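The values are calculated or read from the model by the stated rules, or taken from the named source; none is laboratory data. Source: prediction; values computed, not measured. Note that we place each Cβ from the backbone using ideal geometry, even for glycine, and neighbour counts take in every protein chain shown.
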Amino acid sequence: MKFAHLADTHLGYRQYGLFEREKDFYEVFEKVIDKIIEEDVDFVIHSGDLFETARPSPMALLTFQKGLLKLKGAGIPMYAIAGNHDVVMRKGAIPPQVIFKKMGLKVISNINPTYMHGDIFIAGLPYFPASHGKTFRSKLAELSEKASHHEKSILVLHQGIDKYFGYNYELEIGELPDNFNYYALGHIHKYVNDKFGKGNLVYPGSGEIWKTSELPDYLENGKGFVVVDMDGPKPLVKRVKVDIPREFIKRTLDYSNLESGIAGIKETIKDFDKKPILNLVINNVDSDTSRVYELIKEELGDLSLMIRPTFNMFDMDDPELVADGNGNVAATDIIVKQLEMYDNKDVDALATDLYDLLSKDKMDESKELINQFYEEFYAHEKDSNDGSEDIEEEQPPIEEKEDVQVTFKGDIQ
């Protein structure tokens, strides 16, 4: 008996407000479904954050429906839980996964936390915020007791564990029951395959690059899912990589050799099928950064989908903004400086990304970026003020978003 384990597909995510990026996430999901069918698995587990929001767009719903029906046609059922992005924060509302129950999706929930697939016991819970830790641990203990009556068992969760997640976790590793054969985790976008309990604890990672901090893990482990063989005494885990549609290119250039650096990037990306996202760090800039940005945009703009530059000024000790010989200061420098009082990197990133889009007259993308920011950080306030204590209405912690687009060494971070 073998199954595919995936998570964090984030269907509907319009990264940087660009529809091209939303389509990339759909394309990756379709590739994953096709590869799962090629692997000839018996079933599929999705460990949460199937969608980017609890109110998916029609295109996101349709993309998942097509994938689910493909699996159904191949005789492969799917089990799924709701992640923090899927959690609905309105009283009486349901996670979007429930829509697909009549199409065969087996939703693991607080009401129905267990299934049997042949002789394999499958148990799980939707995302629980840290504030509901006592309830969560109690439910885990109940599932552990039930698992003790089965030879083979799988625990499905969407949680950040302290050992892998850093300070903003919801669960400590010692709080996990240790009598499951396989721990099908979601929430962390990097690939993790660790020994735990009677077998393996695995985060398969996200299907696409959701934020640029995922680049190191992507370069090392790629993106994709895992196939798990449960026939032996221990699970056998195989990593299946899936090519993402669009490359993220990260380069560090020195201002003194800027032209040759740009030429090298140009040579690298000129034959790409899809325009890449460029993340550029320009060190030792001793002139107006707006002029540097204009040069980069002129040379690389037509070959890239988006350019995200970070400028490190030459004078590391100067706490003020650097002007050129005519007294001009780059617009992006002013934006970051003016927002300093808020000490909020998410707001900084929103402002600088909006400047980038508006400078290209991309009005629709700019509106989408604003709406996306509102949904991510503020929409929950209206929905969660109904006085309910239901777990599905609890506000999940805000996850780290994209890094600030323009930074300075020294005073401005």
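Going through I282, I296 one at a time, which residue ends up being assigned to a helix (DSSP H, G or I), at pLDDT below 95 and surrounded by 20 or more Cβ atoms within 10 Å (Cβ to Cβ)? None of the others qualify; the one that does is I296.
When you look at S290, is it within 19 Å of A349 (Cα to Cα) and either charged (D, E, K, R) or not in a loop (DSSP other than H, G, I, E, B) (or both), yes or no? Answer is yes for this residue. If the condition is being closer than 26 Å to M116 by Cβ and among the acidic types (D, E), then the range 9-51 contributes E39, D40, D42, D49. Note on the range 112-158: residues that are part of a strand (DSSP E or B), under 14 Å from V87 (Cβ atoms) and not hydrophobic (A, V, I, L, M, F, W, C) amount to 1. For the range 183-219, taking the residues that are modelled with pLDDT under 95 and of a type in the set (S, T, Y), the one that is surrounded by the most Cβ atoms within 10 Å (Cβ to Cβ) is identified as Y218. Look at G17 and say whether it is within 25 Å of E247 (Cα to Cα), surrounded by 18 or more Cβ atoms within 10 Å (Cβ to Cβ) and in the same structural domain as V228 (by TED's automatic domain parsing). It is true that G17 is within 25 Å of E247 (Cα to Cα), surrounded by 18 or more Cβ atoms within 10 Å (Cβ to Cβ) and in the same structural domain as V228 (by TED's automatic domain parsing). Consider G261 against the criteria (1) touching a Lys or Arg at 6+ places or on another chain (Cβ under 8 Å); (2) outside the structural domain of G186 (by TED's automatic domain parsing); (3) within 23 Å of L11 (Cα to Cα): it satisfies all of them except one. Which criterion is unmet? Every condition holds for G261 apart from (3). Mind listing whichever residues of the range 62-77 are farther than 17 Å from G207 by Cα, surrounded by 15 or more Cβ atoms within 10 Å (Cβ to Cβ) and either in contact with a strand residue (DSSP E or B) (Cβ under 9 Å, 6 or more places away or on another chain) or in contact (Cβ under 8 Å) with a residue 60 or more places away in the chain (or both)? Answer for the range 62-77, where residues must be farther than 17 Å from G207 by Cα, surrounded by 15 or more Cβ atoms within 10 Å (Cβ to Cβ) and either in contact with a strand residue (DSSP E or B) (Cβ under 9 Å, 6 or more places away or on another chain) or in contact (Cβ under 8 Å) with a residue 60 or more places away in the chain (or both): L71, I76, P77. Looking at the range 103-111, is at least one residue part of a helix (DSSP H, G or I) and not aromatic (F, W, Y)? Yes, the range 103-111 contains at least one residue that is part of a helix (DSSP H, G or I) and not aromatic (F, W, Y).
Does at least one position in the range 231-238 carry a residue that is of a type in the set (A, V, I, L, M, F, W, C) and part of a strand (DSSP E or B)? Yes, the range 231-238 contains a residue that is of a type in the set (A, V, I, L, M, F, W, C) and part of a strand (DSSP E or B). Can you spot a residue in the range 110-122 that is aromatic (F, W, Y) and within 27 Å of the chain's Cα centre (by Cα)? Scanning the range 110-122 turns up no residue that is aromatic (F, W, Y) and within 27 Å of the chain's Cα centre (by Cα). On the given criteria, is E20 among the acidic types (D, E), closer than 30 Å to I370 by Cβ and either at pLDDT 95 or above or under 17 Å from the mean Cα position of the chain (by Cα) (or both)? The answer is yes for E20.
On the stretch given as the range 20-53, residues that are under 24 Å from K72 (Cβ atoms), buried (at least 20 other Cβ atoms within 10 Å of the Cβ) and not β-branched (V, I, T) total 11. Within the range 245-268, track down each residue that is out of contact with any Asp or Glu (no Cβ under 6 Å at 6 or more places or on another chain), outside any strand (DSSP E or B) and within 21 Å of E27 (Cα to Cα). Once the filter is applied, which keeps residues that are out of contact with any Asp or Glu (no Cβ under 6 Å at 6 or more places or on another chain), outside any strand (DSSP E or B) and within 21 Å of E27 (Cα to Cα), the range 245-268 yields only E247. Only a single criterion out of (1) assigned to a helix (DSSP H, G or I); (2) in contact (Cβ under 8 Å) with a residue 12 or more places away in the chain is not satisfied by P216, namely (2).
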